[in-house]
Amino acid sequence: MVEDKYDVIVVGAGLGGIRAVHSFDEAGFKVVGLEAAAGPGGVWYWNRYPGARCDVESFDYSYGFSKELEQQWRWSERYATQPEILRYVDHVMERFELAPLFRFNTRVESLTWDDNRAEWTVVTEQGRELVGTHVVMATGQLSTTKAPQVEGVDDFEGRILHTGEWPHEEVDFSGKSVGIIGTGSSGVQLIPIVARAADDLLVFQRTPTFTVPANNRPISDEEDARIKADYESRRETARMSPSGLGFDPGKVSALEVSDEEFRARMEEQYAVAGFGFALAYRDLLIDQDANDRAAAFLRDKIREKVDNPDLAEKLTPRGYPFGAKRPAVDSGYYEAFNRDNVHLVDISEAPIERITATGIVAGGIEHELDIIVFATGFDALTGSLLRPTITGRGGVTLREKWSVGPVTYLGLGTHGFPNLFIICGPGSPSVLANVLLGIEQHVDWLVELLVAARKDDVTQIEVTAIAEKEWVEHVNQRAEETLYPKAASWYLGAEVPGKPRVFMPYSGGIRGYRRICNQVADAGYQGFALTRPDADSAAS
Ligand code: NA7
């Protein structure tokens, strides 16, 4: 059964999908949003674990497209909790009357390009068919969860949870022995809370994580009023900063200052900055020696915070640069390990062997547990793009095309898949910048592109092979200038065994990236072949 035809089909109702549906609708396109979950919010819909909180400041992790929304929404904390972000999402949905434009409980199974009709056929898990001239994949960067392939998972008689698919009702940890596997951002946020609630908490750590303190605090009325009095300049500062977070990277090299000066500056940053810590000096993420200094500072902090020196040593990250794996922003993480009921199980050398009916066996020892939590992260950046079968020109699937790693032009599209666009896709700054800013930049840019195409009767928009090749080279070159490739991280595809190792996000900064996107548009969408029905390629 073929249902209505759409100008634009948006896949996903996270912050990207919501913004895309709203803006395409405003621009007069017939648009529908398809979402697998029962409600909007994307990662904030699924990641309901206690302690889940954004690690970008609330004032910046929010939409900038509506002055009224900006002025009327009141954030309560510097870093918003998951429930508060979900309330914000619901408010936006209601305020802009977006619910009728979405279909929830609708997982997309396949997308197939028809070259003759120049349109996509989208089939959902329920077998429904929709046809769209354009498809916008707003499926998120960290949305396909992964759990370790451990023998015996099904034998466990207690409860198994994943931070990224957390139940809607509260989980009662009291009186329970809980095992948490994973010490990335999710584990780091969850651990202090479970530590307080459970009888016993066992943390299964494979790789220690660098963390910087969140320094979270309530937002006072005075601060709220001050920022809202000139919100535009805050937005502008964020837009003009490479991270999109408003932090101006230090201009000085960490190698040019004395130990005393370095330490004083880092203490200052540690006490206030959150993520900004990494930008205190201009070369912390690009020069190994500079990075070593910052890493040493953070290692000292762990020793200061953890009472037991052996335990502190086990929690200390080594062997990869600070920041090359996404640092966690923590609230009481190390302090949790000073509690008598919290135990670290170091699985770096003796991995988890199996799960039994009653617990986890690692290093030959069985740890008895009532609840196991996988805080083991996601098939990052490409997981949700490759989950549906996307078949482009000539019957080639995206899985085939990206079998050795994702290749895109600007992270926005890929050759052979006309009229298919990605919000914050691999090859764009995505997770290396404030994703909200990235989303809004991408959506605005795509709306302008489709408005121009509509005006000029362009029916097909396709990334050219040469533009894609050159962009991939540029992305790789920028990554090579940094320390990012030096860690086995999910930026690089190291989180899934067998996944191609390609550095996926664009590390050249969102400010420079926006400039490039604008130049591309000004040059008549250079790098895209624009085709009219009665003519061959109009531009490239
Ligand atoms: P992350 O950052 O990918 O962290 C996952 C953690 O789980 C990490 O410590 C992993 O150790 C660990 N892990 C993964 N697989 C295994 C297996 N098989 N055995 C043991 N330990 C494992 O995911 P998060 O959900 O914490 O955070 C993702 C992002 O969401 C975060 O950066 C924010 O941007 C929001 P590893 O390091 O691979 O050795």
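Examine segment 315-322 for a residue that is within 13 Å of the ligand (Cβ to nearest atom), over 27 Å from the mean Cα position of the chain (by Cα) and open to solvent by less than 40 Å² (accessible area, probe 1.4 Å), and state whether such a residue exists.
No: zero hits.
Out of the residues in segment 132-160 that are over 30 Å from residue 22 (Cβ atoms) and within 10 Å of the ligand (Cβ to nearest atom), which is most open to solvent (accessible area, probe 1.4 Å)?
149
Sort through 373, 345 and tell me the only one that's assigned by TED's automatic domain parsing to the domain that holds residue 178, part of a strand (DSSP E or B), crowded, with 21+ Cβ neighbours inside 10 Å and modelled with pLDDT of 95 or more.
373
Return the residue satisfying two criteria in turn: it lies in segment 480-490 and is closer than 21 Å to residue 317 by Cα and in a helix (DSSP H, G or I), and of such residues it is most open to solvent (accessible area, probe 1.4 Å).
Per the criteria, the residue is 486.
Only one residue in 508, 527 is in contact with a Lys or Arg (Cβ under 7 Å, 6 or more places away or on another chain) and either without any contact (Cβ under 8 Å) to a residue 12 or more places away in the chain or away from the ligand (no atom under 16 Å from the Cβ) (or both), so which one is that?
Testing whether each residue is in contact with a Lys or Arg (Cβ under 7 Å, 6 or more places away or on another chain) and either without any contact (Cβ under 8 Å) to a residue 12 or more places away in the chain or away from the ligand (no atom under 16 Å from the Cβ) (or both) leaves just 508.
Regarding segment 70-82, can at least one residue be identified that is of a type in the set (D, E, K, R) and over 19 Å from residue 227 (Cα atoms)?
No, every residue in segment 70-82 fails to be of a type in the set (D, E, K, R) and over 19 Å from residue 227 (Cα atoms).
Somewhere in segment 459-481, is a residue among the hydrophobic types (A, V, I, L, M, F, W, C) and touching an Asp or Glu at 6+ places or on another chain (Cβ under 8 Å)?
No, that holds for no residue.
Give me the pairs, please: first residue somewhere in segment 84-106 and over 18 Å from residue 16 (Cβ atoms), second residue anywhere and assigned to a strand (DSSP E or B), beta-carbon distance under 8 Å, and either six or more positions apart or on two chains.
Listed by first residue and then by second, the contacts come to 84/77.
Might you let me know whether segment 395-403 holds any residue that is in a strand (DSSP E or B), among the polar types (S, T, N, Q) and open to solvent by less than 40 Å² (accessible area, probe 1.4 Å)?
So far as segment 395-403 goes, yes, one or more of its residues are in a strand (DSSP E or B), among the polar types (S, T, N, Q) and open to solvent by less than 40 Å² (accessible area, probe 1.4 Å).
Please find, among 123, 108, 136, 43, the residue that is closer than 30 Å to residue 276 by Cβ and at pLDDT 95 or above.
None of the other options fit; the residue is 43.
Inspect segment 58-69 for any residue being part of a helix (DSSP H, G or I) and closer than 30 Å to residue 390 by Cα and give the result as yes or no.
no
If I ask for residues that are in a loop (DSSP other than H, G, I, E, B) and of a type in the set (S, T, N, Q), which ones from segment 458-479 would you list?
459, 464 - these are the residues of segment 458-479 that are in a loop (DSSP other than H, G, I, E, B) and of a type in the set (S, T, N, Q).
To keep it simple, each residue is scored yes or no on (1) within 16 Å of the ligand (Cβ to nearest atom); (2) within 23 Å of residue 294 (Cβ to Cβ); (3) crowded, with 20+ Cβ neighbours inside 10 Å; (4) within 28 Å of the chain's Cα centre (by Cα).
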{"position": "162", "(1), (2), (3), (4)": "yes, no, yes, yes"}
{"position": "179", "(1), (2), (3), (4)": "yes, no, yes, yes"}
{"position": "189", "(1), (2), (3), (4)": "yes, yes, yes, yes"}
{"position": "197", "(1), (2), (3), (4)": "no, no, no, no"}
{"position": "211", "(1), (2), (3), (4)": "yes, yes, yes, yes"}
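Give me a count of the residues in segment 491-519 that are open to solvent by less than 60 Å² (accessible area, probe 1.4 Å) and either among the polar types (S, T, N, Q) or outside any helix (DSSP H, G or I) (or both).
Going through segment 491-519 one residue at a time, the tally reaches 16.
What pairs can you find where one residue is in segment 341-352 and more than 16 Å from residue 313 (Cα to Cα), the other is within 8 Å of the ligand (Cβ to nearest atom), and their Cβ atoms are less than 8 Å apart, with a gap of 6+ or different chains?
Correct list of pairs: 351/206; 352/148; 352/150; 352/181; 352/204.
Got a sec? Which of 496, 451, 443, 447 is within 16 Å of the ligand (Cβ to nearest atom) and in contact (Cβ under 8 Å) with a residue 12 or more places away in the chain?
496
Yes/no matrix, rows are residues, columns are (1) farther than 21 Å from residue 152 by Cβ; (2) open to solvent by 20 Å² or more (accessible area, probe 1.4 Å):
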position	(1), (2)
288	yes, yes
297	yes, no
335	yes, yes
359	no, no
362	no, no
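Out of the residues in segment 379-394 that are within 21 Å of the chain's Cα centre (by Cα) and open to solvent by less than 30 Å² (accessible area, probe 1.4 Å), state the one that is nearest to the ligand (Cβ to nearest atom).
If we take residues in segment 379-394 being within 21 Å of the chain's Cα centre (by Cα) and open to solvent by less than 30 Å² (accessible area, probe 1.4 Å), then 380 is nearest to the ligand (Cβ to nearest atom).
Residues in segment 26-34: is at least one in a strand (DSSP E or B), among the aliphatic types (A, V, I, L, M) and touching a helix residue (DSSP H, G or I) at 6+ places or on another chain (Cβ under 8 Å)?
Within segment 26-34, one or more residues are in a strand (DSSP E or B), among the aliphatic types (A, V, I, L, M) and touching a helix residue (DSSP H, G or I) at 6+ places or on another chain (Cβ under 8 Å).
The values are calculated or read from the model by the stated rules, or taken from the named source; none is laboratory data. What you see is a predicted model, and the numbers here were worked out from it, not measured in a lab. Every residue, glycine as well, gets a Cβ built from its backbone with ideal geometry; the counts of neighbours run over all protein chains shown. Note: areas computed on protein heavy atoms with side chains; ligands, DNA, RNA excluded. Shrake-Rupley method; radii C 1.70, N 1.55, O 1.52, S 1.80 Å.
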